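The values are calculated or read from the model by the stated rules, or taken from the named source; none is laboratory data. If you're wondering where the values come from, they're calculated on a predicted model, not measured in any experiment. When we count neighbours, we look across all protein chains shown, and the Cβ atoms used for this are built from the backbone with ideal geometry, even at glycine. Calculation scope for accessible area: heavy atoms of the full protein, side chains included, ligands and nucleic acids excluded. Shrake-Rupley method; radii C 1.70, N 1.55, O 1.52, S 1.80 Å.
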Amino acid sequence: MNILLIHGVDTNEDNNPYGSWISAITSGLTKASAKASPNLTGVNYNDIFDQHSSNILLYGAAAAELLATAAWHTLQRPRALTAAPMPEQPGEDFLSEIRWSAGMVAQWVVEGDLRSACRDLLFNLIQSAKPDIIFAHSLGSLICYDFFENDPRGLTTFLHGTFVTFGSQIDNTFVKDRMWNGQVKMIPVAKWINLYNPRDPVFVASLDVPATHFYQFVPVFGGASFDASAHEVTQGNGHPGYLDNRVTDKYLWPLLVGGNMASLIERNVRIMKRTPKDLASAAAVLRDPRVSTTGEPPSFATALPRNGVTPTDGIGTCPDLKALCMAATSLASSPMVTHPGTIPDARQRLNIMVDFVPVGNSNRPGAPLKPAQITIHNTDNSAAGADAQAHAIYQKGPDARARKVSWHFTVDDHSVYQSLPVNEVGWHTATYQGNYSTIGIEICENDGIDQLAANDRAALLTAIQLHELGIPLQGNVVQHFDWSGKNCPALLRNPLSNWEDFLARVAFYYDQIQLDSPDVDHSANLNPSPTFAPADPASLAPSVSESVVHNVTGSSFADLADVATYERCKANGGSEEYCLGIGDNGIGYWGDDTKHGSGASCALSPEWMVATWGNVAAAHLQPVLISNPHNGQTVTALIKDTLPHYSPRIDMNPDTCAALALTPPVLAPVTWQAIS
């Protein structure tokens, strides 16, 4: 196995920056049972930059632009992290100080001859070293990506190789806009693996590349505020680096070595790139006894609905559904996502410890709660040892009492602590509505945590809570941001695909949990001394005998912003699957236009359609009277789309929302009734 190593910024004083790299890579591959020792070659490109140093004023303007984007506190050497703000007109002394850090990036961006020399160096090294893997850190990742993206030789030079980037600025706005026309695309390599540390202050950005052979893993280390050591390649300052942490050990090295574990990791990542809508489709198919996941499938729905639901009476052919079906079943055997079994099995697997805030504490108000949704948070606590137990202890302490903060569950990569009964209000959203309608789940992000494992465990806990509290899945797992505008859960919000992956995991677990008799009461598991009964799942199921007027939650679809996101995604070459996952095409289940200006329309679940009109097909274009109880406004909307199975809501397009004086995105109480 031949490996090429390419360093980042600030290595001019180190003649051999690769000593710790070689040790970490060799150790990691050995632990992953590599068959042979790697042959490692390191490159030093500082001399190329040094040859162009006479043009220091040439890149002064670019350095000013770069540093003015707040990078002054992030691209400096560690000793300069608390330096004074950047001068408005940087002189030679200033530019000399940043010569081997921010200056290298700025110089590389503006000097075409320099980039050309770097491309030649990389091409010659690949030709001579014949690497199977390239490891590139920081600026080194920019040099490589530029070669693969902008040099014709890069299109064929490394087609069968694996590209590993870490501490990368490839998707940074300044670099991306200047160098890649504002878009990061997949490059011509067999596999691209990116390691992203959200605490790395050195101008890094998370990557979200829509390709099946792109993988991103998230090791979390370093301090939470401008800690330059969070950019380190290997251990330093009391914590691991990019190449010697637990997440890298668990995913990167097995993926590079290959074999069964690599296949499982690859399959899991591919599946988790599917959107919640995709998994909902697969889940609906798996529930249908007519569908076989082995051999050729029988008839499937003619087209995937907007929300990924396949009504049981819409039969046609759709080969993609078989792939989704197979994806959902294979997901159960992946290393990060496993079949949850029954609810008691899943609870035991999570190792839930009950450690309630004492009754009477100022941060345990004791007010009754009937949860309608679940709010997800990140702890925003990067300290070593700040795990679930530490946060449970904190909630019982004087600071939490003084600040009056509390939440229901804290999750890390090995345990879960419950601090409040789920039928009592906690103070975790900074809003009355959020606190009095949701339970709060905090996901840890402490130094050294396996963040993927913590997120996966939180998804399983969320699915359990949805079942035990009788909360419908669709639309009822929300972010702290949705209540107060706070950037939380920060690690799941950046990039957006992290949140989509989390929802996909929740959807999978929700569908795969093996439910026992509906008469079994799970509330005792969560509330040792329950005072207020949780929601009754049976009360959410539609029935033909119910009142004609239905009081439900109204939500919105085909919003202008979602349609614009979808169209922008398609214009940039995104697949239909990927673009529908992040936006909305404004086309209903039967092919009707649901966008702004198409007239008032709505969507209901297949169960509501069957209960009201006899079958799903008969519901198409049926008129529904929708009312806003807060202002008395009403509108007649036509059914043009479907919602996921068993959803109790009604979904409303922009014209329906406008008629009711509601501004998307909408989540508001409404009433609806069929018009005969």
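Looking only at segment 237-246, decide whether some residue is open to solvent by less than 50 Å² (accessible area, probe 1.4 Å) and free of Cβ contacts under 8 Å to residues at least 40 places away in the same chain.
Within segment 237-246 (the criterion being open to solvent by less than 50 Å² (accessible area, probe 1.4 Å) and free of Cβ contacts under 8 Å to residues at least 40 places away in the same chain), the answer is no, since none of the residues qualifies.
Report every pair of residues separated by at least 6 positions or lying on different chains whose Cβ atoms are under 6 Å apart, first residue within segment 342-363 and closer than 16 Å to G397 by Cα, second small (G, A, S) and part of a loop (DSSP other than H, G, I, E, B).
Partner pairs satisfying both residue conditions: V357/S406; V357/S419; N363/S406.
Sort out for me the helices (runs of 4 or more DSSP H) sitting completely within segment 578-676 that have 3 or more residues that are modelled with pLDDT under 95 and more than 33 Å from the chain's Cα centre (by Cα). First the steps, then the outcome.
Values: elements: 606-613, 616-619, 654-659.
Per the criteria, 606-613, 616-619.
(1) touching a residue at least 60 places away in the same chain (Cβ under 8 Å); (2) open to solvent by less than 20 Å² (accessible area, probe 1.4 Å): which one isn't true of F409, the others all being true?
It fails just one condition, (1).
Output the qualifying pairs, or none if there are none: Cβ atoms under 7 angstrom, residues six or more apart or on different chains, first residue in segment 110-136 and in a helix (DSSP H, G or I), second residue of a type in the set (G, A, S) and open to solvent by less than 40 Å² (accessible area, probe 1.4 Å).
Cβ pairs passing all conditions: V110/A62.
Among S263, S229, which is polar (S, T, N, Q), at pLDDT below 85 and farther than 23 Å from L491 by Cβ? Steps first, please.
Numbers: S229 fails: farther than 23 Å from L491 by Cβ.
Result of the check over S263, S229: S263.
Just one of (1) modelled with pLDDT of 90 or more; (2) assigned to a loop (DSSP other than H, G, I, E, B) trips up G448, so point out which.
(1)
Out of segment 182-217, which residues are touching a strand residue (DSSP E or B) at 6+ places or on another chain (Cβ under 8 Å), under 20 Å from A490 (Cα atoms) and not in a strand (DSSP E or B)?
Answer for segment 182-217, where residues must be touching a strand residue (DSSP E or B) at 6+ places or on another chain (Cβ under 8 Å), under 20 Å from A490 (Cα atoms) and not in a strand (DSSP E or B): Y196, N197, S206, L207, D208, V209.
Every residue in segment 667-676 that is touching a residue at least 24 places away in the same chain (Cβ under 8 Å) and under 16 Å from A637 (Cα atoms), please.
Going through segment 667-676, the residues touching a residue at least 24 places away in the same chain (Cβ under 8 Å) turn out to be 667-675.
Of everything in segment 667-676, those that are touching a residue at least 24 places away in the same chain (Cβ under 8 Å) and under 16 Å from A637 (Cα atoms) turn out to be V670, T671, W672, Q673, A674, I675.
Would you check if there is a residue in segment 148-165 being open to solvent by less than 30 Å² (accessible area, probe 1.4 Å), more than 26 Å from P17 (Cα to Cα), among the aliphatic types (A, V, I, L, M) and part of a loop (DSSP other than H, G, I, E, B)?
For segment 148-165, residues open to solvent by less than 30 Å² (accessible area, probe 1.4 Å), more than 26 Å from P17 (Cα to Cα), among the aliphatic types (A, V, I, L, M) and part of a loop (DSSP other than H, G, I, E, B): absent.
So E468 passes all but one of these: (1) under 29 Å from R246 (Cβ atoms); (2) outside any loop (DSSP other than H, G, I, E, B). Which condition number does it fail?
Among (1) under 29 Å from R246 (Cβ atoms); (2) outside any loop (DSSP other than H, G, I, E, B), E468 violates only (1).
From A674, A661, grab the single residue that is surrounded by fewer than 23 Cβ atoms within 10 Å (Cβ to Cβ) and at positive phi. So that I can check it myself, show each step before the final result.
Numbers: A674 fails: at positive phi.
One residue alone meets the criteria, A661.
Within the group A402, A390, which residue is open to solvent by 30 Å² or more (accessible area, probe 1.4 Å) and over 26 Å from the mean Cα position of the chain (by Cα)? If you could, list the steps in order and put the result at the bottom.
Numbers: A390 fails: over 26 Å from the mean Cα position of the chain (by Cα).
Selected residue: A402, the only one of A402, A390 that is open to solvent by 30 Å² or more (accessible area, probe 1.4 Å) and over 26 Å from the mean Cα position of the chain (by Cα).
Here are S575, S523: which of them is open to solvent by less than 70 Å² (accessible area, probe 1.4 Å), among the polar types (S, T, N, Q), at pLDDT below 75 and more than 25 Å from Q465 (Cβ to Cβ)?
Working: S523 fails: more than 25 Å from Q465 (Cβ to Cβ).
Result of the check over S575, S523: S575.
Evaluate segment 191-206: report whether one residue or more is more than 23 Å from D450 (Cβ to Cβ), at pLDDT 85 or above, of a type in the set (D, E, K, R) and crowded, with 17+ Cβ neighbours inside 10 Å.
Checking segment 191-206: not a single residue is more than 23 Å from D450 (Cβ to Cβ), at pLDDT 85 or above, of a type in the set (D, E, K, R) and crowded, with 17+ Cβ neighbours inside 10 Å.
Within the set of pairs 6+ apart or on separate chains, which have a first residue in segment 548-570 that is surrounded by 19 or more Cβ atoms within 10 Å (Cβ to Cβ), a second that is part of a helix (DSSP H, G or I), and C-beta atoms under 7 Å apart?
As it stands, the answer is S556/C657; A558/P654; D559/P654; Y566/C579; Y566/L580; C569/Y578; C569/C579; C569/I582, since those pairs meet every condition given.
Of all residues in segment 412-434, which are among the hydroxyl-bearing types (S, T, Y), surrounded by fewer than 21 Cβ atoms within 10 Å (Cβ to Cβ) and in contact (Cβ under 8 Å) with a residue 60 or more places away in the chain? Steps first, please.
Step one: of segment 412-434, the residues among the hydroxyl-bearing types (S, T, Y) are 415, 417, 419, 429, 431-432.
Narrowing the set further to residues that are surrounded by fewer than 21 Cβ atoms within 10 Å (Cβ to Cβ) leaves 415, 431-432.
Residue satisfying the conditions is S415 alone.
If N363 meets every condition in (1) closer than 25 Å to I471 by Cα; (2) open to solvent by less than 10 Å² (accessible area, probe 1.4 Å); (3) out of contact with any Asp or Glu (no Cβ under 9 Å at 6 or more places or on another chain) apart from one, which number is that one?
(1)
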